[in-house]
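Structure first, commentary second.
The values are calculated or read from the model by the stated rules, or taken from the named source; none is laboratory data. Since the structure is predicted, the reported quantities are computational estimates derived from the model, not experimental observations. Cβ placement follows ideal geometry from the backbone for every residue including glycine, while neighbour counts extend to all protein chains displayed. These area figures cover heavy atoms from the full protein model, side chains too; ligands, DNA and RNA do not enter into them. Shrake-Rupley method; radii C 1.70, N 1.55, O 1.52, S 1.80 Å.
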Amino acid sequence: MKKLLSLYLILFSVAAWAQPFTFKSVGEAKEFRLTLYFGTGGKGAFVRYAGQKSIIPLQVKNYTRDTSGRDDGQPDTDHYVWDEIIDGKVNGTYRLSLMMHTFFDVSYTRKKDGRNFKLEAVDGKNEKYDGSDQYLLHGILISFNHFYNDRIVFEYGKGKKDSFNLLSIENPNSGRQSIIEDYNFDGYDDVAFSVPDAGMGVYRMFTVYLYDPEVKRFIRLKEPDYSRSSCTCLCDVTVDKKRKLLETGCRGGASWHKDTYRYDKNGTLRWNSSKADNE
């Protein structure tokens, strides 16, 4: 159980710690730079070119995770392909592969003439990452910070925005993770943020914002009634797509506890089952 938990935490951490990365052109007469933002599985992606205020949406064309090196203790390798969307049309394609924070095979192919531009990561050793991050999801720009600032801002365009407080990070050696996933099984991706519990720091506490396609806004998921639950928070949340359940887990005493929740016909999250794992 402990070995499986350790592996889960390592893999989950790698998957949830995407951050903006800056790249520069290779071999071009006039160098250009761009910053690429993306989340879970490459979703929520956009690109911002140096010197430009506007951003360009990216649509996931393909994403795969190579896990073949796990038996040898090697980290997974993620392969991303995005289509660049301008005025609703594909303008080009970005590709990159990522093992931990090491990039390779990074390129941009311009659609109009098929020209391929090689890219390489800009050495950021002298620049300390401040934790700021952004996603572009359903046309909404989401701004947040992995370390220092607890605010999250949803920008809807034309000056309209919502701003909320996320759960604070109690452990100074940890950070806020972000996950893009469909948490209410309606076919639209939502966004979640998690921080370590304030006790032993062995599980993570979640705040989930659901996208409402009718009002085109992100609305915070109302937490369920915990009177029958083993855990009193949305902790270590995972999605069971097949059974349409949210699974949560926490540690209490010498046991790990697991709860499952299901949405009722009104969209309210309700307790479904609980169990303890003493191993």
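Assorted remarks:
- Only DSSP H runs of four or more residues enter the estimate; each adds -39500 (n - 2.57), and after division by the residues of the chain the mean residue ellipticity at 222 nm equals -2000 deg cm²/dmol.
- Across all directions, the shadow cast by the convex hull of segment 149-279 built on its C-alpha atoms averages 9.2 square nanometres.
- Once the chain from THR268 to ARG115 is taken as fully extended at 0.36 nm per residue, the excess over their C-alpha distance is 50.0 nm.
- Cα gyration tensor of segment 105-168 - equivalent ellipsoid semi-axes, whole Å, descending: 31, 21, 8
- Sequence-distant residues sharing a close amide H with TYR183 (under 5 Å, placed H): ASP190
- Sequence of LEU141, LEU36 when ordered by accessible area, the most exposed leading, probe 1.4 angstrom: LEU141, LEU36
- Distance between the pseudo-spin-label points of GLN74 and THR238 (7 Å out from Cα toward the beta carbon): 2.5 nm.
- Using the Cβ-Cβ distance between TYR49 and ARG217 with R0 set to 30 Å, the FRET efficiency works out to roughly 0.55.
- Trypsin sites (Lys or Arg not before Pro) within segment 48-106, DSSP loop, no more than 15 other Cβ atoms inside 10 Å: LYS53
- Label-to-label distance for THR102 and VAL60 is 2.5 nm, based on points extended 7 Å past Cα in the beta-carbon direction.
- Compared with the alpha-carbon gap, the fully stretched path from ALA254 to TYR226 is longer by 8.0 nm at 0.36 nm per residue.
- For segment 143-154, 3J(HN,Hα) computed residue by residue from phi via the Karplus equation (6.51, -1.76, 1.60; θ = phi - 60°) reads 10, 7, 9, 7, 10, 9, 9, 8, 7, 10, 10, 9 Hz, glycine and proline entered as x.
- GNM top mover of PHE206, PHE164, PHE193 - the chain, alpha-carbon springs below 10 Å: PHE164
- For CYS233, the accessible surface of its heavy atoms amounts to roughly 20 Å² (probe 1.4 Å, protein chains only, rounded to the nearest 10).
- Anchor LYS112: aspartates and glutamates whose Cα lies under 16 Å away (excluding residues fewer than 8 positions away in-chain): ASP83, GLU84, ASP87
- Candidate values (1) 30.2, 124; (2) 22.5, 67; (3) 20.0, 66, label of the one derived for Rg and Dmax of the Cα atoms in Å: (3)
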